[in-house]
Structures are given as structure tokens and as C-alpha cells.
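Enquirer: Can you keep this structure in mind? I'll have questions shortly.
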Amino acid sequence: MLCKCIHAVCQGQIGQQRELRFIIEAMAQKDAQPIKNASGTRLLTKREEELVQLVAEGLTNRDISRQLSLTEHTVRNYLFRILQQTGHLESAGS
């Protein structure tokens, strides 16, 4: 569901996804759990989770780049890796 929301945000559909509200509320909790695979291994680094949090809050790539002192290109690269790591985007070699 998180990746579906990230895809929607990347395509400019923010605010139209009911799931986005769920994600924002879940990530806003102080005890929000890291994103893990079925065996319990963390899928994302703390920096990637920080970026996901900002996406969930509705920030644009430009806003995220300013807040994290990154280029917009780097933000897009992070989003691409997040989608790959969570299994929602096939890697280039597949």
C-alpha cells in the first residue's frame, strides 16, 4: 500500500488516494514500525524511511530535496530504490 501511494505521489495524484491518509496516520504515530519483509529484515535505511515519511506527509520532490539538503534527482533516485526494495518495481536487469 505504501508503494501504491508513492507511485500516486510521483504521478501527481496526491490527495486522491484514500490509502495515503492511512499511511500518514500510521507513520505519524510515535511508535511507527520500520518497513520490514516477511522474515523481519528492514527493507529501508533510516534515510529512506525519512524520505517515505516526507512523501506520506505530502511534500513534493522539490520540498523534500530542500528539507533534506539533496538534489531533486537524488530524491527521485531514492524513490526508485524504495520501490525496487519493496518489490514494486522490477530491477533493470530483470
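Enquirer: Amide H to amide H under 5 Å from L44: which residues, 5+ apart in sequence or cross-chain, H placed 1.01 Å off N in plane?
Expert: For L44, whose amide H was placed from the backbone, the distant partners under 5 Å are I35.
Enquirer: Can you give the local net charge around R62? Use residues other than it whose beta-carbon is closer than 15 angstrom to its beta-carbon, Lys and Arg +1, Asp and Glu -1.
Expert: Working: positive: R66, R76; negative: E57, D63, E72.
Around R62, the surrounding residues sum to -1.
Only the coordinates and a few stated rules stand behind these numbers; no lab work does. Quantities reported herein were computed from a predicted structural model and do not represent experimental measurements. Cβ sites come from the backbone with ideal geometry, for glycine too, and all protein chains shown count toward neighbours.
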